[in-house]
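Enquirer: The structure's right below; bear with me while I get my questions together.
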Protein chains: 2
Amino acid sequence: MIKIAVLGYGTVGSGVVEVIHTNQEVINQRVGEELDIKYILDLREFPGSPVEHLIVHDFEQIVDDEEVKIVVEVMGGIEPAYTFVKRSLLAGKSVATSNKALVAKHGAELLAIAKEKNLNFLYEASVGGGIPIIRPLATSLTGDIIDEITGILNGTTNYMMSKMYHEDADYDAVLKEAQAMGYAERDPSADVEGHDACRKIAILSSIISGKLVDFEDIYTEGITKITLDDIQYAKAMNMKIKLLASCKRDGDKLCAIVAPHLVSKEHPLYNIEDVFNAIFVKGNMLGDSMFYGSGAGKLPTASAVVGDIVEAAKNPGHSVMATWDADKLELEDKSDTTKKFFVRMKGAVSEWKEQLQEVFGRIDIVVLDNKHDEFAFVTEIMSEGSYFAAAKAFPQICQMIRVK
Amino acid sequence: MIKIAVLGYGTVGSGVVEVIHTNQEVINQRVGEELDIKYILDLREFPGSPVEHLIVHDFEQIVDDEEVKIVVEVMGGIEPAYTFVKRSLLAGKSVATSNKALVAKHGAELLAIAKEKNLNFLYEASVGGGIPIIRPLATSLTGDIIDEITGILNGTTNYMMSKMYHEDADYDAVLKEAQAMGYAERDPSADVEGHDACRKIAILSSIISGKLVDFEDIYTEGITKITLDDIQYAKAMNMKIKLLASCKRDGDKLCAIVAPHLVSKEHPLYNIEDVFNAIFVKGNMLGDSMFYGSGAGKLPTASAVVGDIVEAAKNPGHSVMATWDADKLELEDKSDTTKKFFVRMKGAVSEWKEQLQEVFGRIDIVVLDNKHDEFAFVTEIMSEGSYFAAAKAFPQICQMIRVK
């Protein structure tokens, strides 16, 4: 029998318990032994709940119990999660976590401890919820150099972008709806400002580079400035606006960014709707691939955590996960990264076209029938630095969205 | 240094050599040792090729060489692949293979030998080419009971179906084009009759059930009867026709089928075009997920094989793959499986509607403007047995396609 402890009986924690209880028989078969939840750490009591007898309030009871072989950290946040995870590893217990903030900030150190002690520190659920992406990168796509990972990594914002596109509902209305549905928090900034997606792409970037990609180095822009007018232009161009978190190889360097992008119909990410997540991966041998599924939610996230528990249980003394060094990777300077830019501008095309062409070179003009006081254009591929230098001359520019 | 031998220097075999040479540095880092191709077994000589010095013609030289730790079987077909793989395992060498026919027919036995000898028998490339699907099922989705796997598992037929849909080209024309592009063989029957997809879904079914699903038990229907008229009806219904290979849980039983299906716009498989493959997986906790990528082709397939070589090299003495027992799983009787049926029928709607409703119950009629001598209808969900019993009464039925 393999004893485990679950730290935190919130949404994901109760999901983990539910998954283990519902699929007990098949999970035990796969592990080859019975998996038994010995403790659940939470400040609350849960009187009358079927897990009432498992609840403990003191982490020391867990870390001191040699019977506990696997600790499941599903509390979220940096502290006390970091201290508890580190102490669990140092005490010889493998850890499975869904905590993207923890992995993005302290992953290198925790992975190093796990490796040194021949334990597993597993974090599949920290990116893409139930979608297997971390283990495929670590154990399947190992013949490839990964040239690009671009993901729709935040379900809340994708839900909002989908609603705005399909129902012509404006930003504030869809945010309220997302909050009512329980997809967005009362303070939605972690989602809508892109911070959540930023931590996730930092983790994926660290895996494919083998070095620490600091989430604080990644330029991050949320969806708060996206309006229904932008969506109208997107429709006119047969595109959609998606919050993309992306990491690309450019020569020797990686460039990473989180920002809303216009995505064309031909790209596999165009079709990802509602709260679904998807991760597009381009390998230098594999070519294009994509992993799609529920990026959040109690049971899908818990499913990924339980997958990690099973791996940890099946591989005692054998580290199976992707790791990265604590050396920080210097990302490419954002102003050197290149792409097309979609730009909206006040005024009439006839008035500005020549000056724009002088500064931006070839541009594709987009005019909407119902917009008389403005127009838009899409640049050729150019660097961010050149774009911002050129755009300075036009205070009439009222919006810029990058083009995937 | 880890010495490997490649059996067969055809498309996939030369791809494996190319992947290893191109990505040598990063692959060696991941393995933690240098990976070295010591032999390539082929009947041909390849004079002047950079691998000329590695070519051997006698398998005994490989199996007798204790330095060779991993054998890569990319010859295809059952013999001599089966004998070579079995002898390699018995001689203590791990094996990576892309050979779906071999895995579908002899997988259980070869996996058992590998397990007993603490070796790896890895076969990621046998299904979905470069798409990681087998290892995610084996090592990530282990907290779930998999309720359904439905795949577009054959690139050739998906290319043909896409061409017919987008270019209104008829079956014979797209087949010729697929042959000219090198996607279809001169004898295309393995693809167009569904045999290739059948072996692949048999492998996936065996993994999720843990028991041998015999490919010969799976009802298999190809795309040869699909006409442009069918495509027109599909378009009128906002659907596409795709060759699906599917395995679903129905109570205690699994039902599996390979057949063309009408797929609605809402389903993730609807958007899979050209030679791409995709595998839709539904877990009882995870919900819907999908894995998408290049299902065939030299480098994507070789990428998956090399991923397996890396896993085998990193895990000596430690079996990492999904296995299944040699006990054969009895599939649900096809006539008990249920779905909707799309049916085309000669005659006028007015003439037949009442009789059809008497026999089929509620039906949705589809009439095309340019078809005056026929109409179509879609049934409610019913069993295959009931459908065929009911359809007997109507010799005017000229086509039936299942609805996903």
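Enquirer: If you go through region A:146-168 one residue at a time, do you hit one that is in the same structural domain as A:Lys235 (by TED's automatic domain parsing), more than 30 Å from A:Tyr233 (Cβ to Cβ) and not in a helix (DSSP H, G or I)?
Expert: So far as region A:146-168 goes, yes, one or more of its residues are in the same structural domain as A:Lys235 (by TED's automatic domain parsing), more than 30 Å from A:Tyr233 (Cβ to Cβ) and not in a helix (DSSP H, G or I).
Enquirer: Return the only residue of B:Ala125, B:Ala101 being part of a helix (DSSP H, G or I), surrounded by fewer than 24 Cβ atoms within 10 Å (Cβ to Cβ), modelled with pLDDT of 95 or more and of a type outside the set (Phe, Trp, Tyr).
Expert: Numbers: B:Ala125 fails: surrounded by fewer than 24 Cβ atoms within 10 Å (Cβ to Cβ).
The match here is B:Ala101.
Enquirer: Quick check on B:Ala278: is it out of contact with any Ser or Thr (no Cβ under 8 Å at 6 or more places or on another chain) and assigned to a strand (DSSP E or B)?
Expert: Yes; evaluated as a whole, the condition is true for this residue.
Enquirer: I would also like to ask the following. Which residue is farthest from the other protein chains (Cβ to nearest Cβ), if the candidates are limited to region B:291-303 and must be of a type outside the set (D, E, K, R) and out of contact with any Leu (no Cβ under 8 Å at 6 or more places or on another chain)?
Expert: The qualifying residue farthest from the other protein chains (Cβ to nearest Cβ) is B:Ala296.
Enquirer: Right, another one. If B:Ser303 satisfies every condition in (1) polar (S, T, N, Q); (2) more than 18 Å from the chain's Cα centre (by Cα); (3) at pLDDT 95 or above but one, which is the exception?
Expert: For B:Ser303, the failing item is (2).
Enquirer: Follow-up question, since we're still on this one. Do the conditions hold for B:Glu25, that is, is it within 14 Å of chain A (Cβ to nearest Cβ), surrounded by fewer than 16 Cβ atoms within 10 Å (Cβ to Cβ) and more than 23 Å from the chain's Cα centre (by Cα)?
Expert: Yes: the conditions hold for B:Glu25.
Enquirer: Please specify each residue of region A:273-303 satisfying the condition of being closer than 29 Å to B:Ser303 by Cα, of a type in the set (D, E, K, R) and in contact (Cβ under 8 Å) with a residue 24 or more places away in the chain.
Expert: If the condition is that a residue be closer than 29 Å to B:Ser303 by Cα, of a type in the set (D, E, K, R) and in contact (Cβ under 8 Å) with a residue 24 or more places away in the chain, then A:Lys282 is the only one that fits.
Enquirer: Of these, A:Lys242, A:Lys253, which one is under 30 Å from B:Gln24 (Cβ atoms), touching a residue at least 12 places away in the same chain (Cβ under 8 Å) and more than 13 Å from chain B (Cβ to nearest Cβ)?
Expert: Going through A:Lys242, A:Lys253 in turn, the sole match is A:Lys253.
Enquirer: Given B:Leu204, B:Leu228, B:Leu254, which one is under 25 Å from B:Thr142 (Cβ atoms), outside the structural domain of B:Thr11 (by TED's automatic domain parsing) and touching an Asp or Glu at 6+ places or on another chain (Cβ under 7 Å)?
Expert: B:Leu254
Enquirer: Would you pick out the residues in region B:165-203 that are of a type in the set (A, V, I, L, M, F, W, C) and over 20 Å from the mean Cα position of the chain (by Cα)? Full working, then the answer.
Expert: Within region B:165-203, the subset of a type in the set (A, V, I, L, M, F, W, C) is B:169, B:173-175, B:178, B:180-181, B:184, B:190, B:192, B:197-198, B:201-203.
Within region B:165-203, B:Ala169, B:Ala173, B:Val174, B:Ala180, B:Met181 meet the criteria.
Enquirer: How many residues are in contact (Cβ under 8 Å) with a residue 40 or more places away in the chain and either within 14 Å of chain A (Cβ to nearest Cβ) or part of a loop (DSSP other than H, G, I, E, B) (or both) if we restrict to region B:104-122?
Expert: We begin by selecting, within region B:104-122, every residue in contact (Cβ under 8 Å) with a residue 40 or more places away in the chain; these are B:104-105, B:107-109, B:111-112, B:114-115, B:118-122.
This time we only want the ones that are either within 14 Å of chain A (Cβ to nearest Cβ) or part of a loop (DSSP other than H, G, I, E, B) (or both), so: B:115, B:118-120, B:122.
Number satisfying all stated conditions: 5.
Enquirer: Which residues, counting only those in region B:38-68, are of a type in the set (D, E, K, R) and more than 18 Å from B:Gly92 (Cβ to Cβ)? Explain how you work it out, then say what you get.
Expert: So the first thing to find is which residues in region B:38-68 are of a type in the set (D, E, K, R), and the list is B:38, B:42, B:44-45, B:52, B:58, B:60, B:64-67.
Selection gives B:Asp42, B:Arg44, B:Glu45, B:Glu52, B:Asp58.
Residues are listed down the side, and each one gets a yes or a no for (1) in the same structural domain as B:His261 (by TED's automatic domain parsing); (2) modelled with pLDDT under 95; (3) touching a helix residue (DSSP H, G or I) at 6+ places or on another chain (Cβ under 7 Å); (4) charged (D, E, K, R):
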site	(1), (2), (3), (4)
B:Gly347	no, no, no, no
B:Ser350	no, yes, no, no
B:Leu356	no, no, no, no
B:Asp364	no, no, no, yes
B:Asp369	no, yes, no, yes
B:His372	no, yes, no, no
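Enquirer: Scan region B:206-256 for residues that are closer than 22 Å to B:Asp187 by Cβ and not in a loop (DSSP other than H, G, I, E, B) and jot them down.
Expert: B:Phe215, B:Glu216, B:Thr220, B:Leu243, B:Ala245
Enquirer: Does at least one position in region A:262-281 carry a residue that is surrounded by fewer than 18 Cβ atoms within 10 Å (Cβ to Cβ), more than 14 Å from chain B (Cβ to nearest Cβ) and among the polar types (S, T, N, Q)?
Expert: So far as region A:262-281 goes, no, none of its residues is surrounded by fewer than 18 Cβ atoms within 10 Å (Cβ to Cβ), more than 14 Å from chain B (Cβ to nearest Cβ) and among the polar types (S, T, N, Q).
Enquirer: Can you list residue pairs whose Cβ atoms sit under 8 Å apart, with the first residue in region B:259-272 being aliphatic (A, V, I, L, M) and the second being assigned to a loop (DSSP other than H, G, I, E, B)? Count only pairs 6 or more apart in sequence or on different chains.
Expert: Listed pairs, sorted by first residue: B:Ala259/B:Gly194; B:Ala259/B:Glu221; B:Leu262/B:Met237; B:Leu262/B:Lys404; B:Val263/B:Lys404; B:Leu269/B:Lys404.
Enquirer: Continuing with the same structure: State which residue is surrounded by the most Cβ atoms within 10 Å (Cβ to Cβ) when the search covers only region B:211-235 and only residues that are of a type in the set (A, V, I, L, M) and farther than 16 Å from B:Arg249 by Cα.
Expert: The extreme case among them is B:Ile223.
Enquirer: Limited to region A:185-195, what total is found for residues that are buried (at least 23 other Cβ atoms within 10 Å of the Cβ) and in a loop (DSSP other than H, G, I, E, B)?
Expert: Result for region A:185-195: 1.
Enquirer: Looking at B:Gly143, B:Gly155 in this structure, which one is facing chain A (nearest Cβ under 7 Å) and either in contact (Cβ under 8 Å) with a residue 40 or more places away in the chain or within 11 Å of the chain's Cα centre (by Cα) (or both)?
Expert: Numbers: B:Gly155 fails: facing chain A (nearest Cβ under 7 Å).
Going through B:Gly143, B:Gly155 in turn, the sole match is B:Gly143.
Enquirer: Moving to a separate point now. Looking at A:Val95 and the list (1) within 14 Å of chain B (Cβ to nearest Cβ); (2) buried (at least 19 other Cβ atoms within 10 Å of the Cβ); (3) part of a strand (DSSP E or B), which single condition is not satisfied?
Expert: With (1) within 14 Å of chain B (Cβ to nearest Cβ); (2) buried (at least 19 other Cβ atoms within 10 Å of the Cβ); (3) part of a strand (DSSP E or B) applied to A:Val95, the lone miss is (1).
Enquirer: I would also like to ask the following. Exactly one of (1) within 29 Å of the chain's Cα centre (by Cα); (2) assigned to a helix (DSSP H, G or I); (3) within 13 Å of another protein chain (Cβ to nearest Cβ); (4) crowded, with 17+ Cβ neighbours inside 10 Å is unmet by A:Ile4. Its number?
Expert: Just one mismatch for A:Ile4, condition (2).
Enquirer: For region A:346-367, which positions are closer than 20 Å to A:Lys404 by Cα and either assigned to a strand (DSSP E or B) or among the charged types (D, E, K, R) (or both)?
Expert: A:Arg362, A:Ile363, A:Asp364, A:Ile365, A:Val366
Enquirer: Quick one: in region B:28-51, which of the residues that are within 12 Å of another protein chain (Cβ to nearest Cβ) and not aliphatic (A, V, I, L, M) is surrounded by the most Cβ atoms within 10 Å (Cβ to Cβ)? Outline the logic, then answer.
Expert: The initial filter retains those residues of region B:28-51 that are within 12 Å of another protein chain (Cβ to nearest Cβ), namely B:28-32, B:35.
If we keep only those that are not aliphatic (A, V, I, L, M) too, we end up with B:28-30, B:32.
Details: B:Asn28: 18, B:Gln29: 12, B:Arg30: 21, B:Gly32: 10.
So the residue we want is B:Arg30.
Enquirer: Another question, then. Taking region A:306-336, which residues are at pLDDT 95 or above, under 30 Å from B:Phe276 (Cα atoms) and more than 8 Å from chain B (Cβ to nearest Cβ)?
Expert: A:Asp308, the sole residue that qualifies.
Enquirer: Now for a different question. Could you list, ordered by first residue, the pairs with Cβ atoms under 6 Å in which the first is in region B:25-44 and of a type in the set (Phe, Trp, Tyr) and the second is at pLDDT 95 or above, at least 6 apart or interchain?
Expert: As it stands, the answer is B:Tyr39/B:Ala5; B:Tyr39/B:Leu54; B:Tyr39/B:Val56; B:Tyr39/B:Ile62, since those pairs meet every condition given.
Enquirer: Can you find a residue that is in a loop (DSSP other than H, G, I, E, B), over 19 Å from A:Val306 (Cα atoms) and within 27 Å of the chain's Cα centre (by Cα) anywhere in region A:53-65?
Expert: First, the residues of region A:53-65 that are in a loop (DSSP other than H, G, I, E, B): A:57-58, A:64-65.
Now restrict to residues that are over 19 Å from A:Val306 (Cα atoms): A:57-58, A:64-65.
From what's left, within 27 Å of the chain's Cα centre (by Cα): none.
The answer is no, given that none of the residues of region A:53-65 is in a loop (DSSP other than H, G, I, E, B), over 19 Å from A:Val306 (Cα atoms) and within 27 Å of the chain's Cα centre (by Cα).
Enquirer: Name the residues in region A:129-145 that are in contact with a strand residue (DSSP E or B) (Cβ under 9 Å, 6 or more places away or on another chain) and either in a helix (DSSP H, G or I) or modelled with pLDDT under 95 (or both), would you? Step through it out loud before you land on a result.
Expert: We begin by selecting, within region A:129-145, every residue in contact with a strand residue (DSSP E or B) (Cβ under 9 Å, 6 or more places away or on another chain); these are A:129-137, A:141, A:143-145.
Answer for region A:129-145, where residues must be in contact with a strand residue (DSSP E or B) (Cβ under 9 Å, 6 or more places away or on another chain) and either in a helix (DSSP H, G or I) or modelled with pLDDT under 95 (or both): A:Gly129, A:Gly130, A:Ile134, A:Arg135, A:Pro136, A:Leu137.
The values are calculated or read from the model by the stated rules, or taken from the named source; none is laboratory data. Because the structure is predicted, anything quoted here is derived from the model rather than measured. A quick note on method: Cβ atoms are made from the backbone with ideal geometry, for glycine too, and the neighbour counts reach across all protein chains shown.
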